[in-house]
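A short reminder: the numbers here are calculations on the coordinates, not readings from a lab. Owing to the predicted nature of the structure, the values given are computational and were not obtained by experimental measurement. Here the Cβ positions follow ideal geometry from the backbone for every residue, glycine too, while neighbour counts run over all protein chains shown.
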Amino acid sequence: MLTVMGGNDMPGHTHHQDDRLRRLRKVEGQVRGLQRMVDEDRYCIDILTQVSAVTRALQAFSLDLLDEHMRTCVAEAVAKGGDEADGKLREAHDAITRLVRS
């Protein structure tokens, strides 16, 4: 099961799990390709181009996961209000901050 790592380590939503795992396997393959390129002493610019592709793929994955988290976990907590809402909003803010800085 896909889990969202954080303060509560709550399980993630599994209805998109197959798609997410497929996307991560593709990224894993891209990283293995990077390893081969380095091992084969390929041209630096070619390696950097592949690094850029891996980075974009991970960013897209992160944004998709963040979108679902905001529409489900955060929205539910905000509807309930109180400390749980404040905590989920802070948690989302911190995750967004980490993504922006990466």
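Nothing charged except the Cβ atoms of Lys and Arg (+1) and of Asp and Glu (-1): what's the magnitude of the dipole of region 15-101 about its Cα centre? Round to the nearest 20 debye.
Using only the charged Cβ atoms, the result is roughly 220 debye.
How far is helix 82-101 tilted, in degrees, relative to the longest principal axis of the Cα atoms in the chain, given as a value from 0 to 90 rounded to the nearest 10?
Taking Cα atoms only, the helix is inclined about 20 degrees.
First select every other residue whose beta carbon is under 15 angstrom from the beta carbon of Ala57; then total the charges, Lys and Arg +1, Asp and Glu -1.
Numbers: positive: Arg20, Arg22, Arg23, Arg25, Lys26, Arg32, Arg56; negative: Asp19, Glu28, Asp64.
After counting each charged neighbour, the total is +4.
Given N residues in the chain, what is its alpha carbon radius of gyration divided by 2.2 N^0.38 Å?
1.34
Taking the Cα atoms only, what angle lies between the long axis of helix 17-39 and the longest principal axis of the chain, rounded to 10 degrees?
It works out to around 30 degrees.
Would you mind calculating the gained length between Ser102 and Asp86 on full extension (0.36 nm times residue separation, minus the Cα-Cα distance), in nm to one decimal? Don't jump to the answer; show the numbers that get you there.
On the way: separation 16, 0.36 × 16 = 5.76 nm, distance 2.44 nm.
This chain segment gains 3.3 nm when fully extended.
Suppose only helical runs count, i.e. DSSP H with n ≥ 4. What mean residue ellipticity at 222 nm does that imply for the chain under -39500 (n - 2.57) per run, divided by all residues and rounded to the nearest 500 deg cm²/dmol?
Numbers: 4 runs with 75 residues, N = 102.
The helix-only estimate for the chain comes to -25000 deg cm²/dmol at 222 nm.
Quick one: helix 44-69 against the long Cα principal axis of the chain, what's the angle to the nearest 10°, folded into 0 to 90?
That helix lies at roughly 20 degrees to the long axis.
Suppose R0 equals 25 Å; then what is the FRET efficiency for Asp94 and Gln59 from their Cβ-Cβ distance, rounded to the nearest 0.05?
Working: r = 17 Å, r/R0 = 0.70.
With a Förster radius of 25 Å, E is 0.90.
Normalising by the residue count of the chain, find the relative contact order in percent from Cα pairs under 8 Å and 6+ residues apart.
Numbers: 46 pairs, mean separation 16.8, N = 102.
Computed over the chain, the figure is 16 percent.
For region 25-40 and region 72-102, write down the distance between their C-alpha centroids in whole Å.
34
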